[in-house]
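What follows draws every value from the coordinates through simple rules; no lab data is involved. Computed from a predicted structure; not experimentally measured. Reconstructed Cβ throughout: ideal geometry from the backbone, glycine too, with neighbour counts over all protein chains shown.
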Amino acid sequence: MCQSTWHDFLRGLPKCEHHVHLEGCLTPDLIFHLASKNSVQLPPTPEYTSIETLTHRYGHFTSLDDFLHFYFIGMSVLQHESDFADLAWAYFQKAHADGVHHAEVFFDPQVHQDRGIAYETIIAGFVAGCQRAEAELGLSTRLILCFVRHLSVESAERTYAKILENGHFESDTVHGLGWSSSEVGPPKDMFREIYASARERGVRLTAHAGEEGDPTYISTALELGARRIDHGIRLVEDEGLMERVVREGILLTVCPLSNVQLKCVKEVKEVPIRKFLDAGVKFSINSDDPAYFGGYILDNYCAVQEAFGLSVAEWRVIAVNSVSESWIEEERKLELLERIEEHVCGFAELV
Ligand code: ADE
Ligand code: ZN
């Protein structure tokens, strides 16, 4: 826990979250509750004996793929529109309490469709959760649909066809596209055609890259049209690419506690926060899969403060970049930027 005045400063600092998987907000508690309600059989393995055994296992992930195994089992308990809506609502309440004003949230429809849940059910539930957060908490929200790299390109194409069929780009129901899941293994450019088509339509694009994979995963994502990179911590291994990222104003959505839990780094101190700040790389700080990694967004902010001892001025830069690179209207950006200035002024003497 960071020192109390800093904790107050960080809690009240207006935040934007750009990297959180709604399915990554399924706590062990909720998994067992929904499994029982929906009569979903969890695996007969020791980890799934109880909430406690599952929580214990979550503390011992060995890699991204080891985590994904549990993440995909977890999401199998989501069956009905209301399950998706309740899950999103639970996340937004937590985010609001942590000082989030704007949230861009990922979801993985392919994985649900693969087990027989209709695309329309998933969307209706998550949209209901977003609308409730906007109405009751004053949050602005955006849904970003992620294609997953462990399933086939044909599966992604079926989901892409569903977006088009439902007019979900035009209605802004799906605000942007991303890709996630296993990084190293599948072809780096597997979504080349889909991204080219989405680009032509003017759809916003992001991609998980440079989490476990080397910087060529980042350059491939940029080549395919991504204008934001999720994680991207291995960018520091390629100075030329880092200069390009700075030049083009690409935002990295960094997730420090996730990187530690998935053994991408040994401790938060190894996340290149200081290098990014010094080089002028824009980044936001995010939770990724908070129910699996033992921390929501504020825990990530506090962990960064403990590891790097940043100044108020440096936090202001992080908060301002998070707003300016959000996928929202100018008017909303100005509103959030004003709130940051007000908050920072109130903590001017904090050192
Ligand atoms: N899906 C959910 N969390 C992820 C992560 N950290 N990396 C890649 N895919 C994911
Ligand atoms: Zn992620």
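Details
- Fully extended contour minus Cα-Cα distance, from residue 184 to residue 131, at 0.36 nm per residue: 15.5 nm
- Protection proxy ranking for 76-87, 249-260, using the average of other Cβ atoms within 10 Å per residue and placing the highest first: 249-260, 76-87.
- The range 179-338, relative contact order [Cα under 8 Å, separation at least 6], %: 15
- For residue 204, the residues 5 or more places off, or on other chains, whose built amide H falls under 5 Å of its own are 177.
- Separation of the residue 348 and residue 324 label points, Cα + 7 Å toward Cβ, nm: 2.3
- Of the DSSP H helices in the chain, not one has a Cα length along its own long axis of 27 Å or more together with a mean Kyte-Doolittle hydropathy reaching -0.5.
- Close amide H partners of residue 103, meaning residues 5 or more places away or on another chain with modelled amide H under 5 Å apart, are 17, 140, 141, 142.
- Dipole in debye (nearest 20) - the chain, about Cα centre, beta carbon charges: Lys, Arg +1; Asp, Glu -1: 160
- Distance between the range 128-152 and the range 212-231 - C-alpha centres, whole angstrom: 22
- Cross-linked pairs 37/94; 15/269; 282/333; 162/188; 94/162; 188/282: Cα-Cα separations exceed 27 Å for 94/162.
- The modelled label-to-label distance for the pair residue 62/residue 270, using points 7 Å beyond Cα in the direction of Cβ, is 1.7 nm.
- If you wrap the Cα atoms of the range 102-179 in a convex hull and average its projected area over all directions, you get 4.9 nm².
- Expressed as a fraction of 2.2 N^0.38 Å, the value expected for a compact globular protein of N residues, the C-alpha radius of gyration of the range 7-61 is 1.54.
- The value given for the range 194-329 is a Kirkwood hydrodynamic radius of 15.2 Å, derived from the mean inverse Cα-Cα separation.
- Solution diffusion estimate, µm²/s, Stokes-Einstein, the range 144-245, Kirkwood Rh from C-alpha pairs, 20 °C, viscosity 1.002 mPa s: 155
- Across the range 227-267, Cα-Cα pairs more than 12 Å apart make up 61 percent of the total.
- Cα-based equivalent ellipsoid, the chain: semi-axes from gyration tensor eigenvalues, Å: 29, 24, 21
- Nonlocal amide H pairs with residue 282, under 5 Å, H built at 1.01 Å: 252
- Dipole of the range 4-350 [Lys/Arg +1, Asp/Glu -1 at C-beta], most positive-end residue of 5, 125, 59: 59
- Inter-label distance, nm, simple model (7 Å from Cα along the C-beta direction), residue 317/residue 39: 5.8
- Reachable lysines, given that their alpha-carbon falls under 21 Å from the alpha-carbon of residue 266 and they are not under 8 places away in the same chain: 275
- Each peptide among 217-225, 166-174 gets the average number of other Cβ atoms lying within 10 Å of its residues, and from highest to lowest they stand as 217-225, 166-174.
- Peptides 41-53, 285-297, 123-135, ordered by how many other C-beta atoms sit within 10 Å of their residues on average, highest first, read 285-297, 123-135, 41-53.
- The charge dipole of the range 191-288, taken about its Cα centre with unit charges on the Cβ atoms of Lys, Arg (+1), Asp and Glu (-1) only, comes to about 320 debye.
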